[in-house]
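The values are calculated or read from the model by the stated rules, or taken from the named source; none is laboratory data. Given the structure is predicted, the values throughout are model-derived calculations rather than measurements. So basically every Cβ, Gly included, is an ideal-geometry build from the backbone, and we count neighbours across all protein chains shown. Surface areas here come from the heavy atoms of the whole protein model, side chains and all, with no ligands, DNA or RNA. Shrake-Rupley method; radii C 1.70, N 1.55, O 1.52, S 1.80 Å.
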Amino acid sequence: MVYRVLIADDEERMRRVLAMVFEDMDDVKVVTKSCCLSTLDCLERERFHLLITDLNVQEMGRLEFLKAIKEKVPDLPIIVLTAYGSVGSAIDVMKEGVFDYLTTPFEKSILELAVKRALKMSSLATENKYLRQELELQYDFKNIIGNSPQVIEVLRLVGEVSKTDSTVLITGESGTGKELIARAIHFNSNRACGPLIVLNCAAIPENLLESELFGYERGAFTNAEKTKKGRFELASGGTFFMDEISEMSTAVQAKVLRVIEAKEMERLGGTETIKADSRIICATNKNLEELVKTGKFREDLYYRISVFPITLIPLRERKEDIIPLSKHFLKRFSTKMGKSPVSLSKEAEKLLLVHRWEGNIRELQNVIERAVILCKTNVITSEHLPVSIVKGAQISSNEKIQPLDRLVSFDIPPHGLSLDDLEKQLVTQALEKSKNNKTKAAKLLGLTRGTFRYRLQKYGLAN
């Protein structure tokens with residue numbers, strides 16, 4: 001990388017002296033200017049990593065000059081040199097965001113050190129800006145793939161809630177893209193410049209979850225050798241995404257409720273009240289209403305986190321999105337692996353469409369990645385897909401579940417009914433008829449074992 005340094009000084013001798021500092025630096029290109037107007041014009045037309053200037057500005061005041069620079073290139077490090085240094089002038093220029101302040105005459109080694117520090121900061125700032133742009137691009141709405149009415153509705157909801165600081169609850173089966181939606185909300189909100197802290201509650205042992213959430217003071221417990229900030233504190237000014245929130249114990253749930261309501265907390269072993277100004281997004285693949293009824297999830301916390309619910313539909317219930325998603329992953333993985341563009345054969349498309357995708361989008365992504373690895377041509381065929389998908393398609397074409405309208409006549413009562421309650425009754429009956437054999441019960445309902453297991457968890461019937 002070549003760093004571009006702009007030297008702005010009204011004295012030609014000083015410009016030459018400063019330029020000599022960089023003679024031995026092969027990775028630095030120096031440009032010099034003699035007045036503030038030409039300096040501002042140069043900064044507007046070209047990109048620099050560092051500006052070195054004095055405070056003897058004839059055309060405008062020194063602070064106005066610095067303000068004008070910061071308006072044009074706010075991230076540009078500035079080293080100010082002056083023969084008239086004082087505490088007052090140093091404070092004034094530092095308030096304008098100057099990186100360093102040196103008085104002349106100066107030692108070459110001191111200036112070299114200041115330059116190296118400034119260039120390092122400029123490099124980190126550039127890298128951070130690039131990474132943020134990449135993240136924002138990755139989680140732009142255009143990268144949430146799907147043409148189905150369900151996806152369009154989710155995008156509408158995400159667009160609306162992103163404008164607010166409201167708490168969001170994202171529900172849906174594993175692999176439906178809950179974290180992707182959470183990130184999209186964050187990066188399209190007014191908190192996008194703040195941190196996005198992610199915690200999978202199911203991945204943290206119960207005895208450690210509390211310290212991860214709230215942090216702890218030194219000496220709070222054995223091996224607490226230093227103070228540690230919790231995730232709530234780290235997310236201040238940004239967004240805190242708690243995935244699988246249903247896995248929290250009720251004791252931890254009570255403390256989380258207080259933080260969400262009061263926007264403040266204490267670290268474990270501490271007495272100081274700490275502000276926790278973060279936007280909360282939660283997610284779960286379980287039915288929290290059922291967990292509330294069984295006493296496994298606090299009702300007050302449920303209502304507090306479900307201010308704005310978003311439900312993600314399983315992939316098998318929006319089949320029109322399967323092929324667009326597949327093509328999206330094909331493009332991503334073929335580019336990542338340095339391969340020519342890869343397409344799907346008609347046969348492969350049919351196999352993907354009839355598969356039930358119990359693992360949802362995550363399963364589809366893995367299948368496509370595997371297919372791209374195995375494909376030696378530019379077309380994905382059945383031989384590049386897992387055997388389970390090919391055989392599953394054959395079985396589904398041979399085994400037909402008898403339609404419900406041939407078995408029973410059913411009218412919705414005038415007062416309506418709960419579809420969840422009806423489904424729960426069907427699942428319960430299937431278990432009774434199969435004598436609690438889950439494989440047989442799933443077959444009675446025309447479900448795969450994985451889907452049936454999800455229904456058991458959803459209605460609290462897993463045990």
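Rounded to the nearest 0.05, what FRET efficiency do A202 and T448 have when you use their Cβ-Cβ distance and R0 = 25 Å? Spell out each step's value before the answer.
Values: r = 23 Å, r/R0 = 0.91.
About 0.65, to the nearest 0.05.
Could you tell me the ratio Rg/Rh of segment 1-58? Both radii from Cα atoms, Rh via Kirkwood. Let's see the in-between values first.
Numbers: Rg = 11.1 Å, Rh = 11.6 Å.
Result for segment 1-58 is an Rg/Rh of 0.96.
Which one of N223, I305, A251 has its Cα pushed farthest toward the positive end of the charge dipole of segment 217-321, where Lys and Arg give +1 and Asp and Glu give -1 at the Cβ?
After comparing all options, I get N223.
Once you keep just the Cα pairs under 8 angstrom separated by 6 or more residues, what percentage relative contact order results for the chain?
Values: 657 pairs, mean separation 51.2, N = 463.
Here the relative contact order equals 11 percent.
Where both residues lie in the chain, what percent of DSSP beta bridges are antiparallel, nearest 5?
10 percent
Within the chain, which is the longest segment that contains none of the chymotrypsin sites (Phe, Trp or Tyr not before Pro) sitting in a DSSP loop with at most 11 other Cβ atoms within 10 Å?
Values: sites that count: Y84, F221, F410.
By the stated rule (loop sites, at most 11 other Cβ atoms within 10 Å), 222-409.
Leaving out ligands, DNA and RNA, and with a 1.4 Å probe, what % of the accessible surface on the chain is carbon or sulfur?
On the way: 13170 of 25550 Å².
Looking at the chain in its full context, I get 52 percent from C and S.
Based on a Kirkwood Rh over C-alpha pairs, give the Stokes-Einstein translational diffusion coefficient of the chain at 37 °C and viscosity 0.692 mPa s in µm²/s.
On the way: Rh = 27.4 Å.
The diffusion coefficient I find is 120 µm²/s.
Using helices alone, what [θ] at 222 nm do you get for the chain, with -39,500 (n - 2.57) per DSSP H run of 4 or more residues, divided over all residues and rounded to the nearest 500?
Numbers: 19 runs with 215 residues, N = 463.
When only DSSP H runs of four or more count, the value is -14000 deg cm²/dmol.
Any idea what the relative contact order of segment 277-384 is, in percent, if you count C-alpha pairs under 8 Å spaced at least 6 apart? Walk me through the numbers on the way to the answer.
Details: 82 pairs, mean separation 26.8, N = 108.
Taking the mean separation of contacting Cα pairs over the length of segment 277-384, I get 25 percent.
Once you mark the trypsin sites (Lys or Arg not before Pro) that are in a DSSP loop and have at most 12 other Cβ atoms within 10 Å, what is the longest gap between them in the chain?
In short, 227-375.
Points 7 angstrom from Cα along the Cβ direction at R258 and A68: gap in nanometres?
Here the answer is 5.6 nm between the modelled labels.
What is the dipole size for the chain, taken about its Cα centre, with +1 at each Lys and Arg Cβ and -1 at each Asp and Glu Cβ, in debye to the nearest 20?
On the way: 68 positive and 64 negative charges, 406 e Å.
The dipole of the chain has a size of about 1940 debye.
With a bin width of 5 angstrom, please list the P(r) values of segment 226-331 as percents of all Cα-Cα pairs, from the 0 bin to the one holding the largest distance.
P(r) for segment 226-331, in whole percents per bin: 2, 10, 18, 19, 14, 12, 9, 8, 5, 2, 1, 0.
Roughly what % of Cα-Cα distances in segment 186-233 sit above 17 Å, to the whole percent? Write down the numbers at each step before the final one.
Numbers: 520 of 1128 pairs.
Summing the P(r) tail past 17 Å for segment 186-233 gives 46 percent.
Given the C-alpha centroids of segment 353-379 and segment 147-171, what is the distance between them in whole angstrom?
If you average the Cα positions of each part, the centres end up 27 Å apart.
Compute log10 of I(q)/I(0) for segment 155-259 with the Debye formula, placing one identical point scatterer on every Cα and leaving out solvent, at q = 0.11, 0.16, 0.23 Å⁻¹, to two decimals.
For segment 155-259, the Cα-only Debye profile gives -0.39, -0.78, -1.33.
Given charges of +1 on the Cβ of Lys and Arg and -1 on the Cβ of Asp and Glu, with all other atoms neutral, how large is the dipole of segment 419-459 about its Cα centre, in debye to the nearest 20? If you can, show how the numbers build up before the last one.
Details: 10 positive and 4 negative charges, 63 e Å.
That gives a dipole near 300 debye.
Using the heavy atoms of the protein chains alone and a 1.4 angstrom probe, what is the accessible area of segment 179-288 per residue in square angstrom? Don't skip to the end; give the middle numbers.
Numbers: 4800 Å² over 110 residues.
The answer is 44 Å² per residue.
Give the Debye-formula value of log10 I(q)/I(0) at each listed q (0.11, 0.20 Å⁻¹), with one equal scatterer per alpha carbon of segment 303-396, two decimals each.
With no solvent term, the Cα-only Debye profile gives -0.35, -0.91.
Hand me the GluC sites (Glu not before Pro) from segment 212-284 located in a DSSP loop with no more than 13 other Cβ atoms within 10 Å, in residue order please. Show your work: numbers first, answer last.
Working: sites: E212, E217, E225, E233, E244, E247, E261, E264, E266, E272; in loops: E217, E225, E244, E266, E272.
Passing both the DSSP loop test and the Cβ count: E225, E272.
Quick one: plug the Kirkwood hydrodynamic radius of segment 226-268 (C-alpha pairs) into Stokes-Einstein at 10 °C, 1.306 mPa s, and report D in µm²/s. Please list the in-between numbers first.
Working: Rh = 11.5 Å.
This corresponds to a translational diffusion coefficient of 138 µm²/s.
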